[in-house]
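Taken together, the values in this text are just the output of simple stated rules run on the coordinates, not laboratory data. Only a predicted model underlies this, so the values are computations on that prediction, with no experimental measurement involved. A quick note on method: Cβ atoms are made from the backbone with ideal geometry, for glycine too, and the neighbour counts reach across all protein chains shown.
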Amino acid sequence: MNQRPRRNRASSAIRQLVRETTVRPSDFIFPLFLVDGNNIEIPIHSMPGIARYSEDIVLKQIEECLALGIRSFVLFPAVEDSLKDKEATYAMRSDNFYLRAIRSIKQRFPEVCLMSDVAMDPYSSDGHDGYVEDGRIVNDKTLPILGRMAMHQAEAGIDIIGPSDMMDGRVGHIRQALDVAGFTDTAIMSYTAKYASAFYGPFRDALDSAPKFGDKKTYQMDPANKREALIEARLDEAEGADYLMVKPALCYLDVIQTLRQSTSLPISAYNVSGEYAMLKAASEKGWINYDRAMPEMLLSIKRAGADIILTYFAKEFAQMYCEGRIEY
Ligand code: PBG
């Protein structure tokens, strides 16, 4: 035999030399759920290890994560039902707890990269990402709301605006609103190919944000479609997105790979709540080796072509990484 591929697998040191992909804590954006109040920590049952935190506890979380090498975070607000309405007006109150938390995180840890969520659903009495009229999600009436939401977040100090709503034209609209207001350095990470997925269930529990009627299929993408992701990617890039995201990650690795080949922008992937819950549940039952399966999942997302991973596994991975316990 002229070639024996096994020679390059002969020892751990050799395998490390020829390893094509790596995952490091600096690849992550860690999602954090925020609630109003003080000293509050409410576990999310369908996401073991993840909780909703008040601002003071979030600051401690961020401090711990920084020590582990995680420097980027995406923040989601869990808003009380009584504050929700059709126009998501709570998002535009400049003293709301979400914007207050952004300001205090930035003041305490100016070095962190903070990403926001721009969509109506956490603030909407309809539980939809867009403005609802006669049971329909109205695209163009949603855009100014998203633009105002983004401006408030930029003003509070957000580094990367994260439109997650899948309305047409939102990236361009937000970009223009930010530029006119002077926030030319605030970036946009567009949820470019966000699919109408069953894997968001635990997240909607966390925010209590499930749609009050119908589903999200008239705005989120059909899981059957891949070419359509290229249409979305072209539009987002032309409208001024700085990053493109694919969501969920694990059932859509082919979409990540396709976008990677068609754009030079950085690509992120959202390893969503249901993907986290599945692995946690199987490992709690003793059916899977968590310490090995978790890094393998994250590796697959990088190997498919993602530069950045939004994942609830971030902190646990970083702990294992710092202790030298990551084995692929
Ligand atoms: C909504 C939003 C969702 C997630 C992030 N932003 C849920 C949805 O579209 O219903 C899901 C994240 C996850 O499941 O981890 N704007």
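Summing Cβ point charges (Lys, Arg +1; Asp, Glu -1) relative to the Cα centre of the range 20-322 gives a dipole of roughly 420 debye.
Positive end of the dipole of the range 20-322, charges at C-beta (+1 Lys, Arg; -1 Asp, Glu), about the Cα centre: which of His45, Val23, Met221 has its Cα farthest in that direction? Farthest towards the positive end: Val23. Within the listed set Ala233, Ala78, Ala181, the Gaussian network model of the chain (springs between alpha-carbon atoms below 10 Å) gives the highest mean-square fluctuation for Ala181. Kindly give Rg over Rh for the range 185-246, based on alpha-carbon atoms, with the Kirkwood expression for the hydrodynamic radius. Radius of gyration over Kirkwood radius for the range 185-246 works out to 1.03. For the listed peptides 248-256, 202-210, a ranking on the average number of other beta carbons within 10 Å per residue, highest first, reads 248-256, 202-210. Taken one residue at a time, the phi angles of the range 148-161 give Karplus couplings (6.51, -1.76, 1.60, θ = phi - 60°) of 5, 4, 5, 5, 4, 5, 5, 4, 6, x, 4, 8, 10, 7 Hz. Gly and Pro are set to x. Using only Cα atoms, find the angle between the long axis of helix 97-108 and the longest principal axis of the chain, and express it within 0 to 90 degrees, rounded to the nearest 10. Helix 97-108 sits roughly 50 degrees off the main axis of the chain.
By the count of other C-beta atoms within 10 Å, a proxy for reagent exposure, Lys285, Lys280, Lys217, Lys226 are ordered fewest to most as Lys285, Lys217, Lys226, Lys280.
Evaluating 6.51 cos²θ - 1.76 cosθ + 1.60 at θ = phi - 60° for every residue in the range 9-22, the Karplus couplings come out as 10, 5, 8, 4, 5, 5, 4, 5, 4, 9, 5, 8, 9, 9 Hz, glycine and proline recorded as x. Relative to the longest principal axis of the chain, what angle (0 to 90°, nearest 10) does the C-alpha long axis of helix 227-239 take? Taking Cα atoms only, the helix is inclined about 60 degrees. Applying a DSSP loop filter and a limit of 13 other Cβ atoms within 10 Å to the chymotrypsin sites (Phe, Trp or Tyr not before Pro) in the range 77-168 leaves nothing. The mean sequence separation of alpha-carbon pairs under 8 Å and at least six residues apart, normalised by the residue count of the chain, gives a relative contact order of 18 percent.
To test your reading of the geometry: what angle, between 0 and 90 degrees and rounded to tens, separates the Cα axis of helix 170-180 from the longest principal axis of the chain? Approximately 70 degrees, to the nearest ten.
Largest GNM mean-square fluctuation across Ile288, Ile308, Ile50, computed for the chain with C-alpha springs under 10 Å, falls on Ile288. Projecting the Cα atoms of Ala156, Leu298, Ile57 onto the charge dipole of the range 20-322, computed from C-beta unit charges around the Cα centre, puts Leu298 farthest toward the positive end. About its Cα centre, the dipole of the range 202-328 is roughly 220 debye, where the only charges are +1 on Lys and Arg Cβ and -1 on Asp and Glu Cβ. Put in order of Cβ neighbour count within 10 Å, fewest first, the listed residues Tyr290, Tyr276, Tyr219 become Tyr290, Tyr219, Tyr276. Per DSSP H run of at least 4 residues, take -39500 (n - 2.57); add these up for the chain, divide by its residues and hand me the 222 nm value, nearest 500 deg cm²/dmol. Per the formula, -12000 deg cm²/dmol.
With the charge dipole of the chain set up from +1 on Lys and Arg Cβ and -1 on Asp and Glu Cβ about the Cα centre, the Cα lying farthest toward the positive end among the listed residues Asn8, Gly69, Cys251 is that of Asn8.
For the set Lys84/Lys302; Lys86/Lys247; Lys86/Lys226, the pairs lying more than 29 angstrom apart at their alpha carbons are Lys84/Lys302; Lys86/Lys226. Checking the a/c ratio against 1.5 first, then a/b against b/c, what shape does the Cα gyration tensor give for the range 20-322? It comes out rounded by the Cα gyration axes. Distant-in-sequence amide contacts of Asn96, defined by a placed amide H-H separation under 5 Å and a gap of 5 or more residues or a different chain, comprise nothing.
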